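Data block below; observations after.
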Amino acid sequence: MKIIRELDNFTKTGAPVYLALGNFDGVHKGHQQLVSKLVEKARSNAGTAAAFIFEPHPIQVLNPVQAPDLINTAAIKAELLEQLGIDVLIYHSFSPEIAHCSPRQFVEEYLVNRLGVKEVFIGFNYSFGHKGLGTPELLESYGAEYGFSVNIIPPVLVEGITVSSTFIRKMLNDGNIPKAKTLLGYYPIVEGIIIEEEHRGTAIGFPTANLRVEKGIQKPSKGVYAAFASINGDIHKAVVNIGTKPTFHEDYPVSVEAHLIDFNQKIYGQTLRLYFVEKIRNEMKFSGIDELVQQIARDKDEAYQILLKSRDSFTI
């Protein structure tokens, strides 16, 4: 897959462009259905399967205070879209100037003149243009006028629930990892660079990899989790703590630290990816080190058993 930063760097090749529009936060099962239909159509017509995404998310520019955390980083989103068969991913900067573009201006300048789309694929609740005034029905009418087709993908239901990024974020906030996985179609991911912190884990016999996670990325709720950890192409079982270390601190920022089971290497500065499988318990404050160590040992054993049962269903 080719990733293009800014639409100015896109060059038409002569192949018809089949374009997915949206933010695709989480690349969940609803997005997957949309992209699968797009890729199938592009392949059967010798076309280019492309996706156009504003980066950062428009709400982060227009109303940053209300902007939700995102389920995936831009890099993980690209990886997931590539797995689905997208040929070209265009990340285009969102700005206040673009926000004032009317729906017609957006269609004419971006879709027609600069991309020359053959067909466009959108979700049922897609909006575009100034104040989000553009609707799927309006895009259909512009398509008829400018000579491209519009495919509107209806809501996707899983276990009676309409799949949405908003609902998945709620499941992560609730620590409901199995439900989030069901709607995503894969284990929820958190990735970060391993940094040095207090070395408390090493001192008590459970060394941890402390992650610096990109700002604005959704994490599961505070607590202890069973997760698969990926580093340098290898997969390890892990028990992960997300929290503020209340046993040691009155006030501490939320951190993500993973103890990789049966692993003992120095990996500072490297990227670690966590695939969350199940929440074990909520965050707790312990009376002392001994109580904490005993609980971590129980958490480690429980995580190991959970991951042993889940390993056959785990794929990257």
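Quick notes
- Residues of region 80-92 that are in contact with an Asp or Glu (Cβ under 9 Å, 6 or more places away or on another chain) and under 23 Å from Tyr142 (Cβ atoms): Ile90, His92.
- Scanning region 229-240 for residues that are touching a strand residue (DSSP E or B) at 6+ places or on another chain (Cβ under 6 Å) and either over 14 Å from Gly192 (Cα atoms) or among the β-branched types (Val, Ile, Thr) (or both) yields Ile231, Ile235, His236, Ala238, Val239, Val240.
- Cβ-Cβ distances below 7 Å connect the following pairs, each with a first residue in region 225-254 that is more than 22 Å from Met284 (Cα to Cα), a second residue that is among the aromatic types (Phe, Trp, Tyr) and at pLDDT below 90, and a separation of six or more residues or different chains: Phe228/Phe314; His236/Phe263.
- When Tyr126 is tested against (1) part of a helix (DSSP H, G or I); (2) crowded, with 20+ Cβ neighbours inside 10 Å, exactly one condition is not met: (1).
- Taken together, Ala50, Ala42, Ala46, Ala15 contain a single residue that is more than 18 Å from the chain's Cα centre (by Cα) and at positive phi, which is Ala46.
- So Ile152, is it part of a strand (DSSP E or B), of a type in the set (Val, Ile, Thr) and within 30 Å of Asn264 (Cβ to Cβ): no
- For beta carbons closer than 6 Å, sequence separation of 6+ or different chains, a first residue in region 277-305 that is polar (S, T, N, Q) and a second that is surrounded by 14 or more Cβ atoms within 10 Å (Cβ to Cβ) and not in a helix (DSSP H, G or I), the qualifying pairs are Asn282/Gly223.
- Hits in region 129-149 (condition: polar (S, T, N, Q) and part of a helix (DSSP H, G or I)): Ser141
- Subset of region 80-116 that is of a type in the set (Asp, Glu) and not in a loop (DSSP other than H, G, I, E, B) - its residue that is surrounded by the most Cβ atoms within 10 Å (Cβ to Cβ): Glu108
- Test: residue in region 49-63 that is under 25 Å from Gly192 (Cβ atoms), among the hydrophobic types (A, V, I, L, M, F, W, C) and assigned to a helix (DSSP H, G or I): yes
- Exactly one residue out of Gly216, Gly160, Gly116 is under 20 Å from Leu7 (Cβ atoms) and either modelled with pLDDT under 95 or more than 21 Å from the chain's Cα centre (by Cα) (or both), and it is Gly116.
- Restricting attention to region 283-305, the residues that are surrounded by fewer than 14 Cβ atoms within 10 Å (Cβ to Cβ), at pLDDT below 95 and polar (S, T, N, Q) add up to 2.
- Residue within region 162-172 that is in the same structural domain as Lys245 (by TED's automatic domain parsing), in a helix (DSSP H, G or I) and of a type outside the set (S, T, N, Q) present: no
- Positions within region 264-316 being β-branched (Val, Ile, Thr) and in contact with an Asp or Glu (Cβ under 6 Å, 6 or more places away or on another chain), in sequence order: Ile280, Ile306
- Filtering region 279-316 to residues that are part of a loop (DSSP other than H, G, I, E, B) and closer than 30 Å to Gln83 by Cα leaves Phe314, Thr315, Ile316.
- Matching option when the condition is aliphatic (A, V, I, L, M) and in contact (Cβ under 8 Å) with a residue 40 or more places away in the chain, among Ala15, Ala99, Ala51: Ala99
The values are calculated or read from the model by the stated rules, or taken from the named source; none is laboratory data. Bear in mind that the values here come from a model prediction, so they are computed numbers and not experimental data. Every residue, glycine among them, receives a Cβ derived from its backbone with ideal geometry; neighbour counts consider all protein chains shown.
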